[in-house]
Structures are given as C-alpha cells and as structure tokens.
Amino acid sequence: VIRCRAAVAWAPGKPLSVEEVEVAHPKAGEVRIKIVATGICSTDDHVRQGSFPNAEFPVIPGHEGAGIVESVGEGVTSMKPGDKVIPLCIPHCGECSYCLNPEANFCQKSHMCEPQNLLPDKTSRFTCKGKLIHHFLWISTFAEYTVVPEYAVAKIDAAAPLDKVCLFGCAFSTGYGAAINTAKVKPGSTCAIFGLGGVGLSVVIGCKAAGASRIIAVDINKDKFAKAKELGATECINPRDFNKPIQEVLTEMTGQAVDYSFEVIGKAETMIAALASCNMNTGICVMVGELDSGSEISIDPMLLLTGRTWKGTVLGGFKARESIPKLVSSYLEKKFNPEPLITHTLPFAKVNEGFELLRAGK
Amino acid sequence: LCDDLKMQVPFPFSLLCLQVIKCKAAVLWEANKPFSIEEVEVAPPKEHEVRIKIMATGICRSDDHVVTGALVMPFPVILGHEAAGVVESVGQGVTSVKPGDKVIPLFVPQCGKCQSCLNAKGNLCSKTDLGTGAGLMADGTTRFTCKGKAVHHFLGTSTFTEYTVVHESGVAKIDSAAPLEKVCLIGCGFSTGYGAALQTAKVEPGSTCAIFGLGGVGLSVVIGCKAAGASRIIAVDINKDKFAKAKELGATDCINPKDFKKPIHEVLIEMTGQGVDYSFEVIGHTDTMTAALASCQLNYGVSVIVGVPPAAQNITFDPMLLFTGRSWKGSVFGGWKSKDSVPKLVADYMKKKFVLDPLITHTLPWTKINEGFDLLRTGK
C-alpha cells in the first residue's frame, strides 16, 4: 500500500480537501500509476458540485493526467514499471461491440454504460481516514498514485514531457477530435467555435489543421481572444458587443451561416445559438460541452428539418487507447502545439486555487 | 395574339397560350373549412414561368397542416404540391420544358445558381417559398383569381387545380411514357421518404432501421431502407392497419407502442440490443421525434426528422442523448436536388427499381377532394 496525497471531494459543493490517502496494490489486470501532472477540466468541477451523472461521494476527481507506471498487477503485459502513460477517461477494452465498430469509441465499460466509481471488481483502491473513497471514471488523477485497469491506460512515447501531454488525456483530444473526427471539417470551410477554454482552443487547432478558411471564435470573455488568434482563429467576436442574437451576427458575417459550428461551453442557450449558426441546409453542429445532468434543451424542430446535422462527441470520437499515443507522437513531431492551452502550472497542494482560476475564466 | 406566338407550340395548345384560362380549382378560403370547388382564372405564364395542366395530384399531410392552421400560409390559397401534369404553355425565356412535355412541379425548386444549389450537398434552393410562405410568384403577384380576388400560390406549386403556373426552376420534365397518376407521388411523398433513407441517413447494408409513422412518406422510407440493404426494418405505428403494407414493402418487424407499458425507445433498444443504427420520425410530433432519437444507438446512431412539426412547437429533450455521439438531422424533400433528381427517380420507377402502387390507397375524381382529406385524417 502506498500512502500519498490526494484531493478528495467529501461532499457535493464543498472545496476539495488535500488528504493523506492509502492506495492499494494493483490487482490482476490493473496498473498503479504515479501521476506526475494533471489538468483541471470543467467536468471535474461538475463532479465537485454534484452535477455529474452517477458519480458517488466521497470521490477523488481528475481525469486528465499523465504519469509513470509504478507497479503492475498479475497478467498485465502491455506496460511495465517506468513506462510513461496517460490514463484514459474512456476505457478501450477492445472486445465490446463499440470497440469493435470502427465508427464508435464509447467502450461499454465506460461510465455512461456502467458507472466507474469502483473498479471492475466493484471495489475501490483508495481509502482515507478509514473510509472508502470512490474513483472517478476509474482514473482519479487528483491523486499522487492511482490504480486503473490496464485497458484504461495508454502507453506513450518515452520522450514525452508529462507536464504538457496530460492535456491529451482530455481537453486536447476532445476538441481536436471534435473538429477532425466528428465534424470532419473540410479545407476552405467556415467554422464558429463557442467557448474558448482548453477544449474550445483545441477545436480551433483542429479546424486550422483541417484547413478551414475562416475560424470565428466566440466568447463573452475577451481575454480569451489573444490565444485563440495565436492558435488560428481568423476573427473573434463577443456576443455582448451586439444587440442581436449571435446566430444572426454569424449569419451576416458569413452570408450563409457557417459550415461547422461547435458549442464548447455546456449551456443550453449557446447550444441552440450554435445550432442556429450553421447553414440551415448543409451545416453541421457539434455539441462538445456537457450540460448539467438532469437539464433539458428545447428547440424548434424546423432548425433540423431544413437539413442541419447536430451531433455529439465524447473524447473527440477517438478510440482512446489507439489514438492518444499517436496524438502524443504527432505533438513530439511538432505537427501541432497545444502548449498555449496551459494557463497556469501549480503545485498539487494548490488544487483549489486551480479551480478558482478555472471558474474565474483564467 | 402577339409576337410571342412565334415561339409557340403544337397546334392543340396554340389556342390557349397567352390567354387566361378559366378552369376549376379547389380553393381554401380560410382555415378549418372544407375546400370549395370554384371557377378560377389562371393567367398566362410570364417570363420564366410555365403553365401546367395538372393530370393527377396527391394529398399530403402538409396540405392538411395549412387547413388546420398548423402551417401558417396566407388565404385564400390553392393548396396541393404533389402532382404530375403536362405543360400547356411557357413564358418567355423558358428553355427546359415545352408544351406537351410531361412534368412534375417541384415544391423545392432548383435554380442552379444560389449557394445551396451550388453546394454538392445542398438542396434548399433560395427560391423556395418554404421559409417566407408568401404564396406569390417571383414578381410578387399571383396568377390565380377567383370571384375577383387574388388567390395565393402554395410552395410555388398549387396543384389542386386543373391548371397552375410555376417558375421554370420549379418544374422538372419527365419520361414521356410515365403514368402520371402514379408518378405524381415522386413530387413529394415518395421522394421525401426514399431520400431520407438513401440521401440523408445514408443507410448502409446490413444495418438496422426503425421508422416511426407509416403514412405515404413512412412507407417510402421503408422502401428506401430496403433498397439500401438494411437487415432489420422495424416499422412503428399506433394504427395496426398500416402494418400489412409496411411488411409488403420490406418491414421485418411491426410494433405498436400501444401494446407496451414501457416507452417505445426502450422496446426498440431491447429488440436490437443497443438501439438501431438509423431511426426516422415520419409523423411530425415532438414526442415521437425524441423517442426516435433515443431509439438510435447512443454512440453512432443517426436519427432523421422527416415529419413536419406544427408551427411554433418546440422539442424538449435531454442533451445527453446527443452528447454520447448520436447524430440528429433533418431533410426536406429527402435531400434531393429537385430538378436534377425527379426525372431520374421517374426513370428508376420506369425501370421498376421500386413500386409506387402500394402507396396509393384511393383514387378519387378530384372534385371529391374533401372526401380525400377525410380519408387522410382518419388514417386511411
């Protein structure tokens, strides 16, 4: 058993508590990982607030991390201690019908199909002050050490800088994939991206890599614009600068509305605005941001009837275990650069400060 | 008679061309009233317009939506948009059809020049009257008058009349051997459903499909899914009298939501293990639109909205349905570029690639139009 620090969410709505926890030895088919770097994603904040579906408290959140294998359980063959790895927020068992379907990436072992608050044998590897602490999506990267099933870990290039590639665990892959895999942005097309956090900026990178001719970044926080431009946005607009709905602004700017729109925030009104901003007959809108659990959206079906396509995407449509190592390699080959997505680097003990920065839009 | 006669026309038609025609039409004077068979005056076609003698017309639910006020259009109006006929005369500048040609009017035109027409995937030509619903020809006037009043057009077609005038971009010349009383369906119902499966959803061989609603359009979706090689075609309707035809056209299973205690999407998920690859809502009700969405596979399923919902009614749904990876799309006229596709669909029919007869439930003389609508409304 390893004793180490972890940020525990004891109850919904409370700040995370940095505690000493016990992390058990990996069982058969499991891997214990020393987490070297982890990102903070809005989804982790949803967990902390209690609005992530089927999460259970107390829990160690965090799902965007990178680390080094510390030990492996019996039967693990694809990695060994010392390997650099990224734990996967969507597993990739390789056997279920989704893993076998080339178009799908939503492994049946993932949380939406079956809660991942405990490992497959229905027990947890974490305890704190004598209590069982739940996993989050199995991986719980807000812990110095975590234990994860082998098929929810991807082995990556030994040269990868862990403090940068943790982003491939979630934000970068989600946004970049939304553009490349889900929307399948075509060269010369026009795109609009609502929300310029880590994931939104990754969508910008994806649209640029795909050769879009116009990449219109939309955010109510103009401090986000500089980075968006640096990463490829051709124009940045702030809905608060206009008297009319943003979809009308976008339709006027482009003449016929955009070919592809992305909502990367997680709010019903921007989801509808993003849908209405894409061309009524040929436009594609991708829902990347996740709404609070239990909420509903209400739309006029004519928005779809005229020919629009509205799709969702998880982890950018990537089959996690195959794709994440390739994305890391492409990064090392300098095919794209997600480093501007990193706004602050903080020591682990300052995790709550990190959340405050996230909430303040920094 | 004027100079334009030089451009004209085989003998039987020359007497009528450029003259006003007096004929019968079914006029709808206001909402929620029966159609009134009236004598109307149909003006000659202006530049780029075509006057057509309508030989057969179908009744579509969308026509009924105007009667009930669910689809708001200006009154008085001559409805009908699914028809086939013969060109009677053409206005100046018309080159793609001539008097005597068999034609199908197109409620979604194809001008060939606007951004939608130029886009390989687009089919919603900017000349369509679907958005504005003004009910007028391009010059802002109507070609119909009745009892001294101007009568509006409907979606650039107006086929509940012996003669109509349409814009050249809204009419397609078809095979001269085509039986007009069958191919009128290609003007709307058949193409909309068949295209929803082949063009919009792009159903793949071996896949599973669920079709909600087995009217003319729903049955056309069944035909399309079958043509695409789907392995399971599950037809869903609360009226079991619809099942026999659905099976004849290719449905492998027919289910009635009223036979189950649990929501229909749960039934479909259980039947298929994970939900269908493709689902289609071909009714126009917001709750079945959501059920159809939830019935398709959560990570790669595609759901198509084909049915036209009543104006101003919203769908309310849980966005997680989309978030996990589903695609939700809609299409008008099956996604077909109208003027290009209609002649080809007629040609395919002539080559027996698909049948249309089962879609025709009744054939009535058109003076019995109100009875036709009663049959539609009672699910017959």
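Coordinate-derived values only; no laboratory data. Note that this is a predicted model, so its numbers are computed, not measured. Methodologically, a virtual Cβ is constructed for each residue, glycine included, from the backbone with ideal geometry; neighbour enumeration extends over all protein chains shown.
A few comments on the model shown:
- Global geometry of the range B:202-330, whether rounded, prolate or oblate, following the gyration tensor of its Cα atoms and the 1.5 cut on a/c: rounded
- Taking other Cβ atoms within 10 Å as a rough exposure proxy, B:Asp357, A:Asp241 sort from fewest to most as B:Asp357, A:Asp241.
- Candidates B:Gly193, B:Gly273, B:Gly215: whichever shows maximal mean-square fluctuation once chain B is modelled as a Gaussian network with Cα springs under 10 Å: B:Gly273
- Kirkwood-type hydrodynamic radius, chain B: 21.3 Å, calculated from all non-identical alpha-carbon pairs.
- Fewest-first ordering of B:Ser231, A:Ser71 by other beta carbons within 10 Å of each residue's beta carbon gives B:Ser231, A:Ser71.
- Cα-Cα P(r), the range A:56-151, percent of pairs per 5 Å interval: 2, 13, 22, 23, 21, 13, 4, 1, 0
- Legend: mean number of C-beta atoms from other chains within 10 angstrom of residue C-beta atoms, peptide B:309-315, equals 4.
- In terms of its alpha-carbon gyration tensor, the range A:1-133 comes out oblate; a/c meets the 1.5 threshold, while b/c is at least as large as a/b.
- Residues A:Val185, B:Val87, B:Val306 arranged by fewest to most Cβ contacts within 10 Å: B:Val87, A:Val185, B:Val306
- Between B:Thr145, B:Thr164, B:Thr95, the residue with the greatest mean-square fluctuation in the GNM of chain B (Cα pairs under 10 Å linked by springs) is B:Thr95.
- Protection proxy ranking of B:233-245, A:191-203 - average other beta-carbon atoms within 10 Å, highest first: A:191-203, B:233-245
- Helix-only CD estimate at 222 nm, as mean residue ellipticity for chain A, using -39500 (n - 2.57) per DSSP H run (n ≥ 4): -6500 deg cm²/dmol
- Computed [θ] at 222 nm, helices only, for chain B once each DSSP H run of length n ≥ 4 contributes -39500 (n - 2.57): -6500 deg cm²/dmol
- Average partner coverage of B:123-134, which counts Cβ from other chains inside 10 Å: 2
- The range A:297-323 and the range B:202-222: distance between their alpha carbon centers, rounded to Å: 21 Å
- Mean separation of Cα contacts under 8 Å (6+ apart) over length of chain A, as relative contact order %: 17 percent
- Taken over the protein assembly as shown, the alpha-carbon convex hull comes to 163 cubic angstrom per residue.
- The Cα atoms of the range A:183-312 give a gyration tensor whose axes a ≥ b ≥ c have a/c under 1.5, which makes the shape rounded.
- Applying the Karplus relation 6.51 cos²θ - 1.76 cosθ + 1.60 with θ = phi - 60° to the range A:19-27 yields 3J(HN,Hα) values of 10, 8, 10, 9, 10, 5, 5, x, 7 Hz, where x marks Gly and Pro.
- Loop-located trypsin sites (Lys or Arg not before Pro) in the range A:135-196 (DSSP state other than H, G, I, E, B) with a sparse environment of at most 16 neighbouring Cβ atoms within 10 Å: A:Lys184.
- Which listed pairs, of B:Lys121/B:Lys339; A:Lys34/A:Lys129; A:Lys311/A:Lys334; A:Lys311/B:Lys127, have C-alpha distances above 23 Å, in listed order: A:Lys311/A:Lys334; A:Lys311/B:Lys127
- Among the listed pairs A:Lys27/A:Lys155; B:Lys344/B:Lys368; B:Lys182/B:Lys226; A:Lys80/A:Lys131; A:Lys14/A:Lys84, a Cα-Cα separation exceeding 25 Å is found for B:Lys344/B:Lys368; A:Lys80/A:Lys131; A:Lys14/A:Lys84.
- Highest-first packing order for the peptide set A:167-175, A:214-222 is A:167-175, A:214-222, based on the mean count of other beta carbon atoms within 10 Å.
- Alpha-carbon Rg with Dmax, taken over the range B:317-368, Å: 18.3, 52
- Cα centroid separation, the range A:238-277 to the range A:151-207 (Å): 22 Å
- Per residue of B:290-299, other chain Cβ atoms within 10 Å of the residue Cβ number 3 on average.
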